[in-house]
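Below: the structure, in structure tokens.
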Amino acid sequence: MQRVEVATNSKSEINKTNASQANSHQVNGLTKKKMPPERIIKKYPNRRLYDTQISRYITLHDVKKLVMEHKDFQVIDAKTNENLTRCTLMQLIAEEETNGAPILTSEILKEFVRFYGDSMQTMMSRFLEHSVKLFMEKRASLKSPLNSMLGTNKSSLMQNIAKQNMTLFESNPSEDKSVDFGTVGIEP
């Protein structure tokens, strides 16, 4: 009777092999590494966050560090694979708003709530996104050594940002700054 030997690999060995093959490819006989995949954080029913890249549980504070370091990540539900990134970021914002110096006043938050379900919701979302991008660009110029030497008046600069923002918002939409007003029904 002949004995047949079957090589057995554990699932983890197979997954490691597949992962290393997926993250590299051959070019002219040389193996080159691809960009690392987006960092995945799994959220479990017990509300714990598990960072799959470092194989350990993390806190909301650790998620904040990832955001501050401009690291790409995605938070997914461990059971359903539903994307929970926005929800987790909102949780982080809520924690920051209650524990620190709030950015959003009660009046601003009330106005945000009023926009949900409104025909202008999409426009408001794009306006806020554009406003924050414009603010971040101006913020970078505020931090330049030249501006600190010249003594730029920060309050007048903020007024100028607001004026530019409103001018862009009120102007005719261009290709890269288009605003989708959606379909608005007018009833007689």
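The values are calculated or read from the model by the stated rules, or taken from the named source; none is laboratory data. It should be emphasised that the depicted structure is a prediction, and the values quoted were computed from it without experimental measurement. Backbone-built Cβ (ideal geometry, glycine too); neighbour counts: all protein chains shown.
Could you please find all residues in the stretch 106-125 being of a type in the set (V, I, T) and surrounded by 10 or more Cβ atoms within 10 Å (Cβ to Cβ)? Break it down into steps so the answer makes sense when it comes.
First, pick out the residues of the stretch 106-125 that are of a type in the set (V, I, T): 108, 113, 122.
Residues satisfying the conditions are I108, T122.
Determine if the stretch 73-87 includes at least one residue that is under 30 Å from E107 (Cα atoms), at pLDDT 95 or above and surrounded by fewer than 12 Cβ atoms within 10 Å (Cβ to Cβ). Checked against the condition, which is being under 30 Å from E107 (Cα atoms), at pLDDT 95 or above and surrounded by fewer than 12 Cβ atoms within 10 Å (Cβ to Cβ), the stretch 73-87 yields at least one hit. Candidates are the residues of the stretch 67-111 that are among the charged types (D, E, K, R) and in contact with a Leu (Cβ under 7 Å, 6 or more places away or on another chain); the one that is farthest from F135 (Cα to Cα) is D77. Regarding the stretch 118-136, can at least one residue be identified that is more than 25 Å from Q159 (Cα to Cα), touching a Gly at 6+ places or on another chain (Cβ under 8 Å) and among the small types (G, A, S)? For the stretch 118-136, residues more than 25 Å from Q159 (Cα to Cα), touching a Gly at 6+ places or on another chain (Cβ under 8 Å) and among the small types (G, A, S): present. Whether a residue is at pLDDT below 75, more than 27 Å from H61 (Cβ to Cβ) and not assigned by TED's automatic domain parsing to the domain that holds D62 was assessed, and S178 passes this test.
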